[in-house]
Amino acid sequence: MRQAPITMSIEETTDDRASILLVDDMEDNLIALEAVLGSLNEPLVRARSGEEAMKALLRQRFAVVLLDIRMPGMDGFETAANIKRLDQTKDVPIIFLTGTDADAGYAFRGYATGAADYLTKPFDPWVLRAKVTVFLDLHRKNQQLERMLAREQEQFDALACRLKEIETHMAASSLQDVLELRHHVQQMQQLLLKMRRARNV
């Protein structure tokens, strides 16, 4: 039995999942996207306009945005330009979706706006899933890197704090205590140097 897609409201999603933002003013198109991407088992968030898309992007992080070009009001190009203009959202990859009767210049304009990819409707479900999967994997790798850097920063801060405590203690200690503390400081400095070198590899 086929598993239903995980369609969530903006309030229900969290940064722990690689959410996908679907932006289209047509209900049938959103249903089709959900049917194709539901097997990826990641939260799918709907937006029926460019304005709704911007609100969603400012509330949470997304692994990728699937953005229809032809929408009333703020169209796909204007929405993409707004996404790329903000520091909070500028790195979110965008896949443009458009109909077969689209102007030949749409693809060029889409890439010029900052789109990562461009698909024409009706799209091949396998191709769409494959492209989205690439961006999901990149999103997860970026999250892993961010967590690793955060842990390393915590370690650096802890070592720096400890070194400061030792220096303060040395100022009020005897000569023998100072020699022992200096040895500990040197060991910690060597450890800190190794950590920095490993971080730059």
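Being free of Cβ contacts under 8 Å to residues at least 60 places away in the same chain, under 20 Å from residue 140 (Cβ atoms) and assigned to a helix (DSSP H, G or I), is that true of even one residue in the stretch 38-52? Yes, there is a match, as at least one residue in the stretch 38-52 is free of Cβ contacts under 8 Å to residues at least 60 places away in the same chain, under 20 Å from residue 140 (Cβ atoms) and assigned to a helix (DSSP H, G or I).
The condition (being in a helix (DSSP H, G or I), β-branched (Val, Ile, Thr) and within 22 Å of residue 113 (Cα to Cα)) is satisfied by just one residue among 31, 83: 83. Checked against the criterion of being closer than 17 Å to residue 36 by Cα, hydroxyl-bearing (Ser, Thr, Tyr) and either in the same structural domain as residue 191 (by TED's automatic domain parsing) or in contact with a Phe, Trp or Tyr (Cβ under 6 Å, 6 or more places away or on another chain) (or both), the stretch 99-114 contains not a single residue that satisfies it.
Condition test on residue 70, is it among the charged types (D, E, K, R) and more than 26 Å from residue 28 (Cβ to Cβ)?
No; evaluated as a whole, the condition is false for this residue.
What are the residues in the stretch 53-94 that are within 25 Å of residue 142 (Cβ to Cβ) and touching an Asp or Glu at 6+ places or on another chain (Cβ under 7 Å), if any? Matches in the stretch 53-94: 60, 61, 76.
For the condition hydrophobic (A, V, I, L, M, F, W, C), farther than 20 Å from residue 18 by Cα and in the same structural domain as residue 19 (by TED's automatic domain parsing), what is the one hit in 77, 62, 96?
77
Scanning the stretch 80-93 for residues that are in contact with a strand residue (DSSP E or B) (Cβ under 9 Å, 6 or more places away or on another chain) and either in contact (Cβ under 8 Å) with a residue 40 or more places away in the chain or closer than 15 Å to residue 18 by Cβ (or both) gives 92, 93.
The values are calculated or read from the model by the stated rules, or taken from the named source; none is laboratory data. No experiment lies behind these values; they were computed from the predicted model shown. Positions of Cβ are generated from backbone atoms using ideal geometry, with glycine treated the same way; all protein chains shown enter the neighbour counts.
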